[in-house]
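Chemist: Quick one: structure below, then a few questions.
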Amino acid sequence: MNELYTVAEIRQIEQAALAGLPAGTLMQRAGAAAMQMALAMLDNASIASAPRVLVLAGPGNNGGDALDVAARLAQAGIEVTVALYAVAERQPQDARAALGRAQAGAATLLAPGDPGDSAAPSAAGSIYQRHWDLVIDGLFGIGLARPLAGAMRAMVEFINTLPCQVLALDIPSGLDADTGDIVGPGGIAVRAHRTITFIADKPGLHTCHGRDHAGQVSIATLDIDPALLPPAQAFLNGPILFADALRPRPQNSHKGSFGDVAVLGGAHGMQGAPILAARAALHCGAGRVFACFVDEAPGYDPAQPELMCRHAGDFDFSKTTVVAGPGSGGASRANELLARVLDLPVPLVLDADALNLVAADRALQQRLAARTGATILTPHPLEAARLLAVSAGVIQADRLAAARQLAARFQAIVILKGSGSVIARPDGSVAINPSGNPALATAGTGDVLAGVCGALLAQHLPPWQAALSAAWLHGHAADRLVEAGVGPVGLSASELIPAIRTALNALNALCTLGALGALGAQITVNAH
Ligand SMILES: NC(=O)C1=CN([C@@H]2O[C@H](COP(=O)(O)OP(=O)(O)OC[C@H]3O[C@@H](n4cnc5c(N)ncnc54)[C@H](OP(=O)(O)O)[C@@H]3O)[C@@H](O)[C@H]2O)[C@@H](O)CC1
Ligand SMILES: [K+]
């Protein structure tokens, strides 16, 4: 299941489902699913005997889920302590019923209270001083309305220092389920190893701070009738979304069958950037690749003599897919060349300096919005901020909204890079890319991504599928390299290129065999 739903959508689904069910049913299903996950985590931790579980239960229904799972674990004979931050009279009905079940069983309930509260030091102190094998976070789910403060904040600070496994219910408390930002100002969020999310998956678990805080995400649908789910506007990226566009190569083909890519960039002192993009385009199947330099052009690339190096001023860009921006600099020469390619109806990828030039020049912005050829923009958050004339903080606070805004404004496909890259198209659809890791946080990997996009466009993938596959392959290759010990420290952009080629060929082979199912199952899971 690749659909992602906003809090507003989940609320609607929840209301529709609750209408047809006896009170408390969904919460009990959530508790039962969470119990299975908790037991699996305790098993994996190979605890010899008598594991101790700490359950944090907040004031709302997320706390109700926590109380339900606490009651179940205690019933199963596990030693459970609940840190309760709820007053029964103010709990929602289902949560109060769950509190009753927890109180009736063998769980120990403590009320750590506020730091100023005279009861707090003893209750909180007994929690702080004990050894825990598993913590279950049920402070807040989709109802978090402001930053965590007081006693709950202090407890989360403590939990985040523990060496034991942490399971978050629905979402890690403190995280915004729509954006993946930490609810602030000055907020804090639980860092979980696993998150079991209810009803459907949520975008905030997969982008911005989401991947660091949610860990591995599992979905418990609570047996809700799929007909109650509206058509999704957001998806988790994976081969299932773009495999249709990948085609086996016909035997009767030649280099002209797979298109030309011209990379425009490489001002004086920055010639490596277009070389990286061009090498990536070559290794991802473009028939011929040109590296076109704004300033002086090298005779050829000794490590990759298949590339053709040219002066950009003399090159005819009208018959190629163009990747503009890697190392192009911000000089007027680069601006003129960019204006020329923007006016051509060719497939175009804009990266790096090309995006900065557009951000600084209204005429280029108009040319970009008016293009008839397919366009992919690949900004990192700072480039996106320049394009939208806001700060990078504003972009990161709602990455989905920023990517959508850019796509609509420039009538282009946008890949907003970062942890959980967001791919958006002008109609408002978005996909969040789950592959990739911090090994990619090194110079040149953006040039490589732009080159992969160019190669796939040149091979006639529609721009949406080209962007989805490029983002996924780029991250997937980095994941495989890290598994092999090539990173996360010290992975170079050059090493990424052959790994992307391997991933693309493996994916093509799977598509040809119609064996994508296995891969589809893997991609809904974050690496912790
Ligand atoms: N309904 C169902 O059947 C099902 C629901 N499910 C579960 O319910 C969760 C949603 O439950 P929810 O709507 O009660 O929201 P939840 O996240 O528990 O918190 C809201 C409470 O917190 C309070 N509050 C907010 N911020 C605060 C802060 N910073 N500091 C202190 N207090 C703060 C806020 O009160 P306020 O003060 O804002 O009026 C309110 O009391 C969902 O994520 C899923 O886990 C599943 O079991 C499926 C079935
Ligand atoms: K939670």
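Chemist: Quick check: is even one residue across the range 438-447 in a helix (DSSP H, G or I), free of Cβ contacts under 8 Å to residues at least 40 places away in the same chain, more than 15 Å from Leu473 (Cα to Cα) and under 17 Å from the mean Cα position of the chain (by Cα)?
Modeler: No; the residues of the range 438-447 include none that is in a helix (DSSP H, G or I), free of Cβ contacts under 8 Å to residues at least 40 places away in the same chain, more than 15 Å from Leu473 (Cα to Cα) and under 17 Å from the mean Cα position of the chain (by Cα).
Chemist: Then there's this: Yes or no: Ala277 more than 24 Å from the chain's Cα centre (by Cα), more than 23 Å from Ala177 (Cβ to Cβ), assigned by TED's automatic domain parsing to the domain that holds Trp464 and not acidic (Asp, Glu)?
Modeler: no
Chemist: Could you please tell me which pairs satisfy a Cβ distance under 8 Å, a separation of 6+ or placement on different chains, a first residue in the range 1-22 that is within 13 Å of Leu222 (Cα to Cα) and not assigned by TED's automatic domain parsing to the domain that holds Thr197, and a second residue that is within 11 Å of ligand 1 (Cβ to nearest atom) and in a helix (DSSP H, G or I)?
Modeler: Going by the 8 Å Cβ cut-off, there are no qualifying pairs.
Chemist: Here's something else I'd like to know. Out of all the residues in the range 142-164, is one or more among the charged types (D, E, K, R), closer than 30 Å to Arg425 by Cβ and within 16 Å of ligand 1 (Cβ to nearest atom)?
Modeler: There is no residue in the range 142-164 that is among the charged types (D, E, K, R), closer than 30 Å to Arg425 by Cβ and within 16 Å of ligand 1 (Cβ to nearest atom).
Chemist: Pick from Ala352, Ala359: which is surrounded by 17 or more Cβ atoms within 10 Å (Cβ to Cβ) and free of Cβ contacts under 8 Å to residues at least 40 places away in the same chain?
Modeler: The conditions single out Ala359.
Chemist: Given (1) more than 31 Å from the chain's Cα centre (by Cα); (2) under 17 Å from His268 (Cβ atoms); (3) surrounded by fewer than 18 Cβ atoms within 10 Å (Cβ to Cβ); (4) not acidic (Asp, Glu), identify the lone condition not met by Gly330.
Modeler: Gly330 satisfies all of (1) more than 31 Å from the chain's Cα centre (by Cα); (2) under 17 Å from His268 (Cβ atoms); (3) surrounded by fewer than 18 Cβ atoms within 10 Å (Cβ to Cβ); (4) not acidic (Asp, Glu) except (1).
Chemist: Restricting attention to the range 10-58, report how many residues are within 16 Å of ligand 1 (Cβ to nearest atom), assigned to a loop (DSSP other than H, G, I, E, B) and either within 24 Å of Gly215 (Cα to Cα) or in contact with a strand residue (DSSP E or B) (Cβ under 6 Å, 6 or more places away or on another chain) (or both).
Modeler: Qualifying residue count for the region: 1.
Chemist: Another question about this same structure. Cβ-Cβ distance below 6 Å, separation of 6 or more or different chains: which pairs start in the range 415-428 with a residue that is closer than 19 Å to Val448 by Cβ and modelled with pLDDT of 95 or more and end on one that is surrounded by fewer than 24 Cβ atoms within 10 Å (Cβ to Cβ) and among the basic types (Lys, Arg)?
Modeler: Correct list of pairs: Ser419/Arg211; Gly420/Arg211.
Chemist: Given the conditions (1) touching a Gly at 6+ places or on another chain (Cβ under 8 Å); (2) assigned to a loop (DSSP other than H, G, I, E, B); (3) within 28 Å of Arg371 (Cα to Cα), which single one is not true for Arg247?
Modeler: All conditions are met except number (1).
Chemist: Tell me whether the range 270-280 contains one or more residues that are part of a strand (DSSP E or B), within 22 Å of Pro379 (Cα to Cα), of a type in the set (Val, Ile, Thr) and at pLDDT 95 or above.
Modeler: No.
Chemist: Looking at Asp212, Asp170 in this structure, which one is surrounded by fewer than 22 Cβ atoms within 10 Å (Cβ to Cβ) and within 16 Å of ligand 2 (Cβ to nearest atom)? First the steps, then the outcome.
Modeler: Values: Asp170 fails: surrounded by fewer than 22 Cβ atoms within 10 Å (Cβ to Cβ).
It is Asp212.
Chemist: While we're here: Only one of Val80, Val87 is buried (at least 24 other Cβ atoms within 10 Å of the Cβ) and either over 15 Å from Val55 (Cα atoms) or more than 15 Å from ligand 1 (Cβ to nearest atom) (or both); which? Lay out the reasoning, then the answer.
Modeler: Working: Val87 fails: buried (at least 24 other Cβ atoms within 10 Å of the Cβ).
Of Val80, Val87, the one residue that is buried (at least 24 other Cβ atoms within 10 Å of the Cβ) and either over 15 Å from Val55 (Cα atoms) or more than 15 Å from ligand 1 (Cβ to nearest atom) (or both) is Val80.
The values are calculated or read from the model by the stated rules, or taken from the named source; none is laboratory data. Quick caveat, the model's predicted, so the values are computed rather than measured. Positions of Cβ are backbone-derived with ideal geometry, glycine not excepted, and every protein chain shown enters the neighbour counts.
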